[in-house]
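Since the structure comes first, as structure tokens, the remarks are kept for the end.
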Amino acid sequence: MNRIDMSKYHDPFTLKSRVKRVIWSITYFLFFRFFFLNIFRTWRNFILRLFGAKIGNNSLVYASVKIWAPWNLEIGSFSAIGRNVDIYNQGLISIGSNTIISQKSYICASSHYHTTPSLEWYAAPVYIKDQVWICADAFIGPGVIIEDGAVVGARSAVFKKVDSWTVVGGNPAKFIKTREIKS
């Protein structure tokens, strides 16, 4: 018989991870979010690095970005994470160099198995490689790899791998055209 039984759900988060999240949440609120001017970009990167984030040179993470776990975040050099981006990184989220994540995008590295009776939780890393542009309000799902140079159109939902130097869009995102950089 097909039934959901949440009484059998196993919470995967330990007390240690919960305490770490509480400390991060307080730090985020007091020492990250209020430092919203661009002159504080180095300060925000410093705070993220204190909590285990790996961030390259000259990257910009806006103060309004929501980050679930900085210790599961990697950002290359010269990348930007725009205003109100939500990085729900219970699993690893890796963002390459020269990459832009535009405002209000949502990147998710975890989900639940919908086929188990208690909807068991799982983490699946997200890899957004170099020279990628994730346009405004896009959703990037768990386990997705976005290869070098790809563009994900505004309001798109990506659930599968995106090939190098392609432009995709829609829900679910589909190939639109090849991306060519004009000199």
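The values are calculated or read from the model by the stated rules, or taken from the named source; none is laboratory data. Note that the structure is predicted; figures quoted are calculated from it, not measured. Positions of Cβ are backbone-derived with ideal geometry, glycine not excepted, and every protein chain shown enters the neighbour counts. SASA here: full protein model, heavy atoms, side chains in, ligands and nucleic acids out. Shrake-Rupley method; radii C 1.70, N 1.55, O 1.52, S 1.80 Å.
The combined condition, being in contact (Cβ under 8 Å) with a residue 40 or more places away in the chain and crowded, with 19+ Cβ neighbours inside 10 Å, is fulfilled by Gly76. For the stretch 121-141, the set of residues classified as out of contact with any helix residue (DSSP H, G or I) (no Cβ under 9 Å at 6 or more places or on another chain), open to solvent by 40 Å² or more (accessible area, probe 1.4 Å) and under 26 Å from Ile4 (Cα atoms) consists of Trp121, Tyr122, listed by residue number.
How many of the residues in the stretch 108-137 are in a loop (DSSP other than H, G, I, E, B) and either closer than 13 Å to Ile95 by Cβ or of a type in the set (S, T, N, Q) (or both)? Qualifying residue count for the region: 9. Say we look at the stretch 152-183 and pick out the residues that are over 18 Å from Gly141 (Cβ atoms) and assigned to a loop (DSSP other than H, G, I, E, B); which of these is farthest from the chain's Cα centre (by Cα)? Step by step, filter the stretch 152-183, then rank; the result is Ser183.
Taking the criterion of being at pLDDT 85 or above and open to solvent by less than 60 Å² (accessible area, probe 1.4 Å), the only residue of the stretch 1-20 that qualifies is Ser17. Return yes or no: is Trp24 open to solvent by less than 60 Å² (accessible area, probe 1.4 Å) and either in contact (Cβ under 8 Å) with a residue 24 or more places away in the chain or not aliphatic (A, V, I, L, M) (or both)? So Trp24 passes the test.
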